[in-house]
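What follows draws every value from the coordinates through simple rules; no lab data is involved. Bear in mind that the values here come from a model prediction, so they are computed numbers and not experimental data. Every residue, glycine among them, receives a Cβ derived from its backbone with ideal geometry; neighbour counts consider all protein chains shown.
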Amino acid sequence: MNIVVCLKQVPDTTAEKKLNAEFRLDRASVEKIINPFDEYAIEEALKLKEQKGGTVTALSVGPESAKEAVRKAVAMGVEKAVLVSDDALAGSDSLGTARAIVGALKKTSADIVLFGMASTDAASAQVPAKVAALLNQPLLSYVSKLEAGESSATVRRQTDKGYDVITASLPAVVSVVKGINEPRYPSLKGIMQAKRTQIDVWSLADIGVSAAEVGKAGATEKVLGFVPAKARQAGKVVKDDGTAAAVVADFLVASKCL
Amino acid sequence: MSATNDIWVFVEHEKGEPKKVSLELATKAKELADALGGSAAAVALGPGAGACAKKVGLYGAGTVFVSEDEQLASYSITPQAQVLADLIGERQPRVVLFPATPAAKDIAAQASARIGAGVLTNSIDVSIKDGAVASTAPAFGGSIEVTSTVAGDVPQFILVRPNALLPQQVGGDAQVVAIGAGVKEDSLLAKVVDVVVEAGAEAPLEEAAIIVSGGRGVGGPENFKVLEDLAKELGGVVGASRAAVDAGWISYPHQVGQTGKTVKPNLYIACGISGAIQHKVGMQTSKVIVAINKNGDAPIFEFADLGIVGDVFEVVPKLTEEIRKRKQMT
Ligand SMILES: Cc1cc2nc3c(=O)[nH]c(=O)nc-3n(C[C@H](O)[C@H](O)[C@H](O)COP(=O)(O)OP(=O)(O)OC[C@H]3O[C@@H](n4cnc5c(N)ncnc54)[C@H](O)[C@@H]3O)c2cc1C
Ligand SMILES: Nc1ncnc2c1ncn2[C@@H]1O[C@H](COP(=O)(O)O)[C@@H](O)[C@H]1O
């Protein structure tokens, strides 16, 4: 079984963020990590391979620096690694990213493509569904349990009430939620392997995607302006002397919550 | 620019009962359409769609496009995206507002990929700026708010978070229009074989007006009962920090934060939660935040509107009792 897992490098939320002169995130100054949801996708890919055999390829679209995120996936146990990187990709929106992923997938023939349910920086939860639409493959999203056979997969799609059980034939696009598994830590052997493994870097020309469809050229969002969000202020802090319940209740009445 | 100035709403509903966020969007659609000289319409798909029309109309949609096709039941993503995309192609609305809920996000993503629409996500407000329909969304962990629009000759999709807008009965009797075009064979790619409701799993946090959330300070699964009692008394639902979820005390759909849900209730009561940045980003746009924590130095007190330095086990049961008493008095 050929499995591809898509991962994005994102800024670490705990890192202090600096805004540059244009009031955009100064990405260079920020510690970067694998999008936390994608670690669940990587783990699920590795588990699938352990059951079914085959290969797992990690695929990321991003700048050179994203190699590091891809390398971490190799350290976790992924054998092959691809980074789609091209100056023309800068400023891609989710459709542009999906087009680049689809271009790369056409060169790799996957039975299952795994995604995290969302990226923590864009938080758009758009890329997996768009990839499925562009490939005209089944979309199995928000998956909390995955069982794959030779030619079909059955999943649990997490809902606010429980879950839906969904089946589809392969190839299919799957996005996973946190809690589907417990991602493994890279082993020492994996870390050594990651240092040696060559990461293939593909340009837009390599994947047959035109620059007009991606990056700033293909993006439709136009920023009109931005303001600093109103920072929340510390309110009243009261030490409980046995009457806290009444203090809270009074406050809820005063703030029209009761 | 699209051929019309019409503003549409994609209705999310539960067997014919529109979700509150659908009504929030209907009211906004009417406001925008009135300002632009277009009309406000809604699209409701799947069994029960017709039953939605009355309420969605009352809240602002002048027209409701409906299809009761079984193949468009709430969990079918690709068929809904296809029917919606076909209808948009035919009628050319300028903007479609979607609830930023998991299913609607998927449907918007797939419909936009089909027709090349521009998508703006995580919106907390929609307005008109220099003639353009603009969406405001938090960025960089909520430190700034960015206002943007969609440029170019493509339909504009805006994914709006529940509880961000005010639903009002600004409409009347909607005209109901049956959608002619149906589901195409090649969009029937995935099959729903079962819909399972798990006892105690219900966690509609994104839509909740009141959330009582518990963290590591709650101490164990059985103690979440204490929070449930308070939530019930307030008409709210129970949320949790990641620490409580990872400890297995409560299921993941209850998790609030960066790797859980982003919520925007009127009232968020954080019990035994320290207020780590990854939790904060998921709840900082709550209207009112109350924190109960026994450590006076907990970061949550830096952004709570009311902080109680105290023990959850002392304060919460008494609060539940106090609220019960006050409700009886009125
Ligand atoms: C990539 C990543 C993603 C993350 N995503 C999320 C997320 O989505 N959501 C999330 O919540 N966290 C998330 N976290 C974890 C986050 O960093 C914190 O670890 C977590 O929020 C802490 O949960 P807590 O406040 O319940 O626990 P703690 O930080 O341990 O705080 C417990 C608090 O309870 C108080 N307490 C203890 N006993 C009592 C008592 N009897 N009465 C009153 N107070 C008491 C203590 O004083 C303390 O302040 C993420 C972390 C990472 C690295
Ligand atoms: N640049 C990227 N490269 C590879 N995968 C990506 C990229 N952006 C998003 N993804 C995948 O799509 C998922 C959802 O991301 P998003 O739609 O941005 O919220 C992520 O969890 C990744 O699996």
Requested in this report: Calculate how many DSSP beta bridges within chain B are antiparallel, expressed in % of all such bridges and rounded to the nearest 5.
Outcome: 20 percent
Query raised in the report: How about B:K287: which aspartates and glutamates have a C-alpha closer than 13 Å to its C-alpha, ignoring those fewer than 8 places off in the same chain?
Result: B:D305
Query - Per-residue Cβ neighbour rank within 10 angstrom, fewest leading, A:S119, B:S22 - result: A:S119, B:S22
Query raised in the report: Among B:Y75, B:Y252, which comes first, then next, by fewest other beta-carbon atoms within 10 Å?
Result: B:Y75, B:Y252
Query raised in the report: Kirkwood hydrodynamic radius for region B:140-282: how many Å is it when counted over pairs of different Cα atoms?
Result: 18.4 Å
Query raised in the report: Nearest 10 degrees, 0 to 90: what angle lies between the long axis of helix B:102-115 and the longest principal axis of chain B (Cα atoms)?
Result: 30 degrees
Query raised in the report: Dipole of chain A, Cα-centred, from +1 at each Lys and Arg C-beta and -1 at each Asp and Glu C-beta, to the nearest 20 debye?
Result: 120 debye
Report task. Let me see the pair-distance distribution of the protein assembly as shown: every alpha carbon pair, 10 Å bin width, integer percents in order. Result -> 3, 17, 27, 27, 18, 6, 1, 0
Query raised in the report: If you stretched the chain out fully between A:E150 and A:A90, how much longer would it get, using 0.36 nm times the residue separation minus the C-alpha to C-alpha distance?
Result: 17.8 nm
Report summary line: Taking Cα atoms only, Rg over Rh for region B:1-83 with Rh from the Kirkwood formula is 0.99
Query raised in the report: With a Cα-only, solvent-free Debye model of chain B, what are the log10 I(q)/I(0) values at q = 0.11 Å⁻¹?
Result: -0.75
**Report entry** Among the listed pairs B:K30/B:K55; B:K294/B:K318; A:K239/B:K318; A:K52/A:K195; A:K178/B:K19; A:K8/A:K67, those beyond 22 Å (Cα-Cα)
**Finding:** A:K52/A:K195; A:K178/B:K19
Requested in this report: Give me the angle, in degrees from 0 to 90, between the Cα long axis of helix B:312-329 and the longest principal axis of the Cα atoms of chain B, rounded to the nearest 10.
Outcome: 70 degrees
Query - Translational diffusion of region B:220-324, µm² s⁻¹ [Kirkwood Rh, Cα pairs; Stokes-Einstein; 25 °C; 0.890 mPa s] - result: 179 µm²/s
Query - Within chain A, helix-based [θ] at 222 nm, where runs of 4 or more DSSP H residues each add -39,500 (n - 2.57), nearest 500 - result: -8500 deg cm²/dmol
Query - Cross-link partners of B:K20 among aspartates and glutamates (Cα-Cα below 12 Å; sequence separation of 8 or more within a chain) - result: B:E12, B:E206, B:E207
Report summary line: With Cα coordinates, the longest principal axis of chain B makes an angle with the long axis of helix B:20-36, in degrees rounded to 10, of 50 degrees
Query raised in the report: Which value in Å is the Kirkwood Rh of region B:35-168 over different Cα pairs?
Result: 15.6 Å
**Report entry** Those lysines that a straight Cα-Cα span of less than 25 Å connects to B:K184, excepting residues fewer than 8 apart in one chain
**Finding:** A:K106, A:K130, B:K15, B:K105
